[in-house]
Amino acid sequence: MSVVVKQRLLELLQEQNKNFYELFNFFLDGNISCHLKQNKATELLRYELEHIGQSESSLPNEIEEFKRWYLNENTKVCLEYQDYLKKRQEGAQRQYFVNIAQAFEFLIKVAPTKKVDGAWLYSVIKYWHDIEFHELILIYLEELGGGYEKSNHVCIYNNLLHSLGLEDFEYYLDDAYYHNAVVQLALAYAPPEFIPEIIGFNLGYEQLPLHLLISNYELKELGIDAKYFNLHITIDNLANGHAHKSLKVLEQVYKGFKNKDDFLNRVKQGYALNNLGISSTQIIKNLNTEHFVLQIFKKKAQMGQFIHNDQKVIACKTVNQWLGKPEQIADFIQTLINKKWIKLNAEPEESPFWKMIHYPDGKMYGVFTPAERRIIHDWIAGEVSTEALPTNLFKSADLNFHNADLSYLNVAEFDILKQQIAETSHSGLTLNTLIPFLAPHVHHSNIGLWSTQKYAAILFPYLDNTFK
Ligand SMILES: [Fe+2]
Ligand SMILES: [Fe+2]
């Protein structure tokens with residue numbers, strides 16, 4: 001780590017002002033010690049819990065009521081979904097994603113949260129000696145796919161982004177999109193005093209939301225591999241899945257707590273942490289293809305302002321002059337529309353600009369990635385075109401792209417770990433040695449996947465073959 005980066009990270013520890021993107025990277029930096037992460041997590045969680053409002057919490061006040069309340073909430077969502085399906089069968093339009101551009105925008109904006117899926121439970125895997133936490137540990141291991149890439153939730157989401165060419169869209173995300181992910185990462189490194197809050201957060205996260213059901217349905221309809229979303233409908237189920245386990249843990253740990261009221265209050269606070277940041281529902285409500293296209297143009301303008309020759313003048317300015325100032329880009333796009341370079345709400349083939357960026361012999365071919373072109377395509381077409389994804393445009397989603405970034409460079413570390421584990425005959429010691437490799441930044445790499453398999457095999461041998 002460079003001195004500058006280290007200095008910046010140390011400053012972050014002191015800062016009250018939060019930059020969620022930097023905090024996100026702080027918690028996912030393998031070079032930063034667990035001790036520093038734990039300190040930051042404690043400070044951050046205390047701050048968030050102090051400022052969080054619980055007023056809208058629908059959680060019951062008595063432990064005996066939780067099961068019924070959970071079931072009622074679940075039934076409500078299922079009924080709303082049935083209603084949605086009925087409307088769709090009667091010919092209603094999609095409710096969430098008008099076209100693929102909107103689906104892409106959604107997948108990009110929820111990505112920070114998905115890239116740390118399961119993180120809120122990382123700290124509990126240290127409590128393996130306490131059987132009361134085994135249900136939570138099991139949820140964490142299932143989030144990690146038991147150490148198999150095809151079942152690891154972070155791998156599945158990364159592979160989905162990769163298969164759609166959406167992996168480099170970080171640039172388009174405002175800081176607020178990292179807020180919820182940072183809360184999850186803070187819980188990952190939270191000391192034991194935050195166990196009630198973790199149980200509360202888990203309870204909320206494993207609850208079936210309506211948006212998951214509808215997103216799953218509409219993404220599939222648009223030809224997008226919805227495995228990640230479908231998986232969360234099945235694995236989080238209330239009968240025997242994560243939702244069921246979440247309730248069971250709540251009831252078990254409650255019994256052991258002396259101050260019951262305090263415990264339940266803190267569970268409620270942890271539950272409320274789910275509301276921090278920008279929720280999937282808010283993201284869906286605010287999808288805005290026009291704004292997204294503007295952002296894409298602004299990004300391209302950073303280079304584009306130096307590339308064009310000065311012969312072409314549009315509305316008294318050269319293209320380089322238009323692109324030179326970010327605040328002019330919206331007017332530039334409007335000028336392209338006025339001059340009929342772009343014809344909105346018509347087949348994109350009718351727009352000269354589209355032909356220039358889309359066809360291999362076009363003057364601007366290659367400037368926009370296939371995913372960016374798709375977003376521009378859908379923006380131009382408007383209501384005219386809503387066809388599903390032509391899969392040949394994109395890389396196959398069936399392939400497993402290894403997330404083992406730098407795996408070749410980490411061979412030595414991996415070999416040392418394998419040797420250490422082989423030489424350890426004590427299971428407890430083995431589990432403790434493996435724990436650092438199940439952390440949010442590493443569990444989806446080669447060494448992390450291998451370590452997860454080993455950890456799961458010791459604690460839950462009956463799970464063998466479940467994830468393969
Ligand atoms: Fe998950
Ligand atoms: Fe889950």
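Using the structure shown, decide if Tyr157 is surrounded by 19 or more Cβ atoms within 10 Å (Cβ to Cβ), under 27 Å from Ile224 (Cβ atoms), more than 16 Å from ligand 2 (Cβ to nearest atom) and hydroxyl-bearing (Ser, Thr, Tyr).
Answer is no for this residue.
Got a sec? Which of Ile224, Ile235, Ile284, Ile214 is touching a residue at least 12 places away in the same chain (Cβ under 8 Å) and within 16 Å of ligand 1 (Cβ to nearest atom)?
It is Ile235.
Looking at (1) of a type in the set (S, T, N, Q); (2) farther than 25 Å from Trp120 by Cα; (3) in a helix (DSSP H, G or I), can you tell me which one Gln453 breaks?
(2)
Return the pair list, or none, for Cβ contacts closer than 6 Å from residues in segment 127-143 that are under 15 Å from Ile199 (Cα atoms) and in contact (Cβ under 8 Å) with a residue 12 or more places away in the chain to residues that are within 11 Å of ligand 2 (Cβ to nearest atom) and not in a helix (DSSP H, G or I), at least 6 apart or on different chains.
Sorted first by the residue in segment 127-143, then by its partner, the pairs are Tyr140/Gly118.
Which ones in segment 149-175 are under 20 Å from Asn288 (Cβ atoms) and outside any helix (DSSP H, G or I)?
Leu164, Leu166, Phe169, Leu173, Asp174
Considering only residues that are farther than 30 Å from Leu264 by Cα and of a type in the set (Val, Ile, Thr), look in segment 66-114 and name the one that is modelled with the highest pLDDT.
The residue in question is Ile108.
Show the residue pairs meeting these rules: Cβ distance below 7 Å; 6+ apart or different chains; first residue within segment 241-263 and within 13 Å of Phe201 (Cα to Cα); second residue among the β-branched types (Val, Ile, Thr) and within 16 Å of ligand 1 (Cβ to nearest atom).
From segment 241-263, the pairs are His242/Ile139; His242/Ile235.
Here's a check for you: in segment 167-190, which residue that is among the aliphatic types (A, V, I, L, M) and crowded, with 21+ Cβ neighbours inside 10 Å is nearest to Val110 (Cα to Cα)?
By that ranking, first place goes to Ala181.
Considering each residue of segment 356-385, count those that are under 26 Å from Phe97 (Cβ atoms) and part of a helix (DSSP H, G or I), and give that number.
14
State yes or no: is Leu79 touching a residue at least 12 places away in the same chain (Cβ under 8 Å), in the same structural domain as Ser215 (by TED's automatic domain parsing) and among the aliphatic types (A, V, I, L, M)?
Criteria not met by Leu79.
Take the residues in segment 82-131 that are among the basic types (Lys, Arg) and farther than 15 Å from Ala181 by Cα; name whichever of them is surrounded by the fewest Cβ atoms within 10 Å (Cβ to Cβ). Explain how you work it out, then say what you get.
We begin by selecting, within segment 82-131, every residue among the basic types (Lys, Arg); these are 86-88, 94, 109, 114-115, 126.
Subset that is farther than 15 Å from Ala181 by Cα: 86-88, 94, 126.
Numbers: Lys86: 10, Lys87: 12, Arg88: 16, Arg94: 16, Lys126: 14.
Per the stated criteria, the residue is Lys86.
His291 is checked against (1) crowded, with 20+ Cβ neighbours inside 10 Å; (2) free of Cβ contacts under 8 Å to residues at least 60 places away in the same chain and fails just one. What number does that condition carry?
(1)
With respect to Gln252, determine if the residue is touching a helix residue (DSSP H, G or I) at 6+ places or on another chain (Cβ under 6 Å) and not assigned by TED's automatic domain parsing to the domain that holds Asn99. It would help to see each step written out before you state the result.
Values: touching a helix residue (DSSP H, G or I) at 6+ places or on another chain (Cβ under 6 Å): yes; not assigned by TED's automatic domain parsing to the domain that holds Asn99: no.
Spelling it out, it is not the case that Gln252 is touching a helix residue (DSSP H, G or I) at 6+ places or on another chain (Cβ under 6 Å) and not assigned by TED's automatic domain parsing to the domain that holds Asn99.
Looking at Ile139, is it over 28 Å from Ile284 (Cβ atoms) and either touching a Phe, Trp or Tyr at 6+ places or on another chain (Cβ under 7 Å) or not in a loop (DSSP other than H, G, I, E, B) (or both)?
Details: over 28 Å from Ile284 (Cβ atoms): no; either touching a Phe, Trp or Tyr at 6+ places or on another chain (Cβ under 7 Å) or not in a loop (DSSP other than H, G, I, E, B) (or both): yes.
Considered against the rule, which asks whether it is over 28 Å from Ile284 (Cβ atoms) and either touching a Phe, Trp or Tyr at 6+ places or on another chain (Cβ under 7 Å) or not in a loop (DSSP other than H, G, I, E, B) (or both), Ile139 comes out as no.
Please indicate, with yes or no, whether at least one residue in segment 134-156 is over 21 Å from Phe467 (Cα atoms) and away from ligand 1 (no atom under 12 Å from the Cβ).
Taking every residue of segment 134-156 in turn, none turns out to be over 21 Å from Phe467 (Cα atoms) and away from ligand 1 (no atom under 12 Å from the Cβ).
Among the residues of segment 431-442, are any touching a residue at least 12 places away in the same chain (Cβ under 8 Å) and over 26 Å from Leu187 (Cβ atoms)?
No, segment 431-442 contains no residue that is touching a residue at least 12 places away in the same chain (Cβ under 8 Å) and over 26 Å from Leu187 (Cβ atoms).
When you scan segment 176-209, how many residues do you find that are assigned to a loop (DSSP other than H, G, I, E, B) and within 15 Å of ligand 1 (Cβ to nearest atom)? Show your work before the answer.
So the first thing to find is which residues in segment 176-209 are assigned to a loop (DSSP other than H, G, I, E, B), and the list is 189-191, 206-209.
Remaining after also requiring within 15 Å of ligand 1 (Cβ to nearest atom): 206-209.
Of the residues in that region, 4 qualify.
Can you find, within segment 228-286, the residue that is nearest to ligand 2 (Cβ to nearest atom) among those that are under 16 Å from the mean Cα position of the chain (by Cα) and hydroxyl-bearing (Ser, Thr, Tyr)?
Tyr228
The values are calculated or read from the model by the stated rules, or taken from the named source; none is laboratory data. It should be emphasised that the depicted structure is a prediction, and the values quoted were computed from it without experimental measurement. Cβ atoms come from the backbone with ideal geometry, glycine included; neighbour counts cover every protein chain shown.
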